[in-house]
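Structure, as C-alpha cells:
All of the numbers you see were taken from the coordinates with simple rules; none came from a lab. None of these values were measured; they are calculated from a predicted model. Positions of Cβ are generated from backbone atoms using ideal geometry, with glycine treated the same way; all protein chains shown enter the neighbour counts.
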Amino acid sequence: MKVFISSDIEGIAGIVDWEQVRAPGVEYEIGRQLLTDEVNAAIDGAVDAGATHVLVNDAHRTMYNLRPGDLHHHASYLSGRHKPLYMMEGLDATFDAVFMVAYHGAIGAERAILSHTYNPAAVWEARLNGIAVGESALNALVALHHRVPVVLITGDEATAEEARPFMPEIEAVVVKRSITRFAAESLHPERACELIRAGATRALARAGAAAPPAIELPATLEVTFLTPDMAEMASWIRGVQRAEARVVTVTDDDPLLLYRSFVTIIALTRSIVEC
Ligand SMILES: [Zn+2]
C-alpha cells in the first residue's frame with residue numbers, strides 16, 4: 001500500500017509566526033523539528049495501517065524543510081525547487097491514498113493561522129466551481145486526475161472546514177485552534193503527534209473504500225489578485241480569461257491541466273509581487 005504525503009508547515013501545533021517557518025534562524029530550526037515530528041507521526045500511522053511505501057513531498061517554500069536523516073526510515077523524500085507539480089509532485093495512480101500534513105487555511109478564512117493561498121503577496125482569493133478554497137482543494141485536483149482519495153488532513157479548524165466541500169469523508173486532525181492570523185491555542189506537540197498517528201491509521205484503513213475528490217468537471221477556477229497587473233499578467237497564459245480588473249478564470253475538463261494552469265499563474269505573477 002502506497003501513501004503520498006504533501007507536507008506544508010503552517011498547520012503544525014505550536015507554529016504561529018512566519019519566523020517559525022522561514023529560514024534562517026533559531027525559530028525556524030524549532031519549526032522544522034516540529035514539522036519532522038508531525039510528518040513522522042503520520043508515517044507511523046500509515047505504517048500501522050499497512051503502508052509499505054510512503055513518499056513525502058515537501059511543499060513549503062524552499063521545499064527542503066525536513067532533515068533527511070531525521071525522516072522516518074520507511075519514507076522517501078521528494079524535496080527541492082522547481083517541481084512541475086509543486087505541492088503534489090510525485091503523485092501518480094499507483095498510490096492508494098494522499099495525506100495533507102501541516103496544511104493551513106485560505107487567505108480569506110475568518111480565523112486561520114498564517115492564512116494564505118499559495119502566495120500571500122499575490123492571491124486575494126481562489127474559488128473552485130464557485131466555492132472559496134484553500135490549498136487543499138486546489139491540490140486535490142491532482143489527486144482527482146489520478147483517482148487517488150485524499151484521506152487525511154492536519155492543521156487548524158479552518159483547514160479542516162475548507163477540505164470538506166470537496167472531500168466530505170476526509171479524516172481531519174485538528175492540532176490547534178486559531179484565534180487570529182497570528183495567534184492560536186495549540187495542543188502539546190507530543191499530543192498532536194499522537195492524534196496524527198491515530199488519525200493516519202484510521203484514514204488509511206478506510207482508504208480502500210474512499211472516493212477521489214468530488215470536484216465536478218469541467219471545473220472552473222477563479223483567482224482574485226491583490227492588483228490588476230497580476231490579473232493582466234495571468235491572462236497571458238492560454239485559456240486564462242480576464243473576468244474583472246483583478247479577477248481571472250480558467251476552465252478545464254482535465255483537473256491536472258487546471259492545476260498546471262494555476263501553478264503557472266502563481267509562478268508568473270511572482271515576478272511582480274511587491275516586497
Ligand atoms: Zn501553504
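What is the angle, in °, between the Cα long axis of helix 135-146 and the longest principal axis of the Cα atoms in the chain? Nearest 10 is fine, range 0 to 90. So the inclination is approximately 80 degrees. Kirkwood-type hydrodynamic radius, the stretch 195-275: 14.7 Å, calculated from all non-identical alpha-carbon pairs. Computed over the stretch 90-204, the P(r) curve from all C-alpha pair distances, binned at 5 Å from the origin, holds 2, 13, 22, 23, 20, 13, 6, 1 percent per bin.
Using all alpha carbons of the stretch 81-143, what is the percent of pairwise distances in each 10 Å bin, ordered from the shortest bin to the longest? Going from the shortest bin to the longest, the percentages are 20, 49, 27, 4. Between residue 188 and residue 33, the modelled label-to-label distance comes to 1.6 nm, taking each label 7 Å out from Cα in the direction of the beta carbon. Restricting the trypsin sites (Lys or Arg not before Pro) of the stretch 230-275 to loop positions (DSSP other than H, G, I, E, B) with no more than 14 neighbouring Cβ atoms within 10 Å leaves 238. Note on the chain: Kirkwood radius taken over Cα pairs, Stokes-Einstein applied at 20 °C and 1.002 mPa s, translational D equal to 117 µm² s⁻¹. Centre-to-centre, using Cα atoms only, the stretch 28-81 and the stretch 182-198 are separated by 16 Å. Between 263, 16, 150, the Gaussian network model of the chain with springs among Cα atoms under 10 angstrom shows the greatest mean-square fluctuation at 263.
Mean-square fluctuations from a GNM of the chain, with a 10 angstrom spring cutoff on Cα atoms, peak among 12, 113, 131 at 131. The Cβ shell under 11 Å around residue 85 holds other residues with a net charge of 0, Lys and Arg each +1, Asp and Glu each -1.
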